[in-house]
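I have placed the structure first, in the form of structure tokens, so that the comments after it can refer back to it.
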Amino acid sequence: MVLEYEKIWREKWLEDARGLLQWIEKRNKVPISLFIRHSHRKHSDDQEELLNMRLTPRGHQAAVLFGTKIPKNKSVSIYHSEHPRCVETAERIREGCIRSNISCSIEGPIRELLGPMVHSSIGHELVEYGIDGFINRWARGEFPKTQIEPIRSYSTRLWENTVGLQDTRSHEMHIHVSHDLVLMSVRCGILSIEASQSNWIPFLGGFGVYQVSDQFKWYEKGKEYSVVEKH
């Protein structure tokens, strides 16, 4: 049973998650803010169905495994979107941490991890353009502020309410569990990297942020980027 359980961790869709944890091992003396997408759910093109979809059994198992593989010298605090998929992911990661004797607490939801402030009418554009097309048009300012707040304003507020709260003197790790739309939007808003199918954030994938002097370093998919100013 244990071997079958571990086989999940070697599956292709968890490649980004494995890379994040390997990177954390190399940055074990600095406080880290980790931003990850919730764990595995079923695929659906129905927006209404997606809103209510929960994690699959595989998603629950993978999140537990993620928690067990966090470096043991880290103290972990988990924040999450209030969506049930993200709550479930946070709970399973904590379960994995406890199994591995890692200090871990769930601190609760952060509003910005659910998404930007929007009007219900924006849903039509999201369906029409898809997530990547929607994010790139949003970044270019093609949607009025009455429909959705500017991507820069949203990214700045999310940064301040997550990375901005990290104690730079501790070795603690904050994990923020969110959604692909949110994480790809923040990347676009802060690093000006367009969203595309090639840089999609998979389940339990994401990016890590830590501070060096007056700069922030952003790690994702094997690369580190410099964020010169605190947003």
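Counting every other Cβ atom within 10 Å of each residue's Cβ, Arg111, Arg187, Arg157 order from fewest to most as Arg111, Arg157, Arg187.
Counting Lys and Arg as +1 and Asp and Glu as -1, each charge on the Cβ, what is the dipole of segment 2-227 about the Cα centre in debye, to the nearest 20?
On the way: 30 positive and 29 negative charges, 171 e Å.
Roughly 820 debye for segment 2-227.
Net length available on complete extension from Ser198 to Ser213 is 2.2 nm, with 0.36 nm assigned per residue and the Cα-Cα distance removed.
Subtracting the Cα-Cα distance of Ser103 and Lys26 from 0.36 nm times their residue separation leaves 25.8 nm of extension gain.
Report, in deg cm²/dmol and to the nearest 500, the calculated mean residue ellipticity at 222 nm for the chain, where each DSSP H run with n ≥ 4 adds -39500 (n - 2.57) and the sum is divided by the residue count. Intermediate values should be presented prior to the final figure.
On the way: 8 runs with 93 residues, N = 231.
Computed mean residue ellipticity for the chain: -12500 deg cm²/dmol.
Ordering Cys97, Cys188 from the fewest to the most neighbouring beta carbons within 10 Å gives Cys188, Cys97. Maximal additional length on extending the Lys221-Trp13 stretch stands at 73.6 nm, based on 0.36 nm per residue less the C-alpha distance.
Please go through segment 1-108 and write out the GluC sites (Glu not before Pro) that DSSP classes as loop and that have at most 14 other C-beta atoms within 10 Å.
Details: sites: Glu4, Glu6, Glu11, Glu15, Glu25, Glu48, Glu49, Glu82, Glu88, Glu91, Glu95, Glu107; in loops: Glu11, Glu82.
Those that pass, being in a loop and sparsely packed, are Glu11, Glu82.
For the chain, the Cys residues with no second cysteine's beta carbon closer than 4.7 Å are Cys86, Cys188.
Each value in this text was obtained by applying a stated rule to the coordinates, not by laboratory testing. Source: prediction; values computed, not measured. Reconstructed Cβ throughout: ideal geometry from the backbone, glycine too, with neighbour counts over all protein chains shown.
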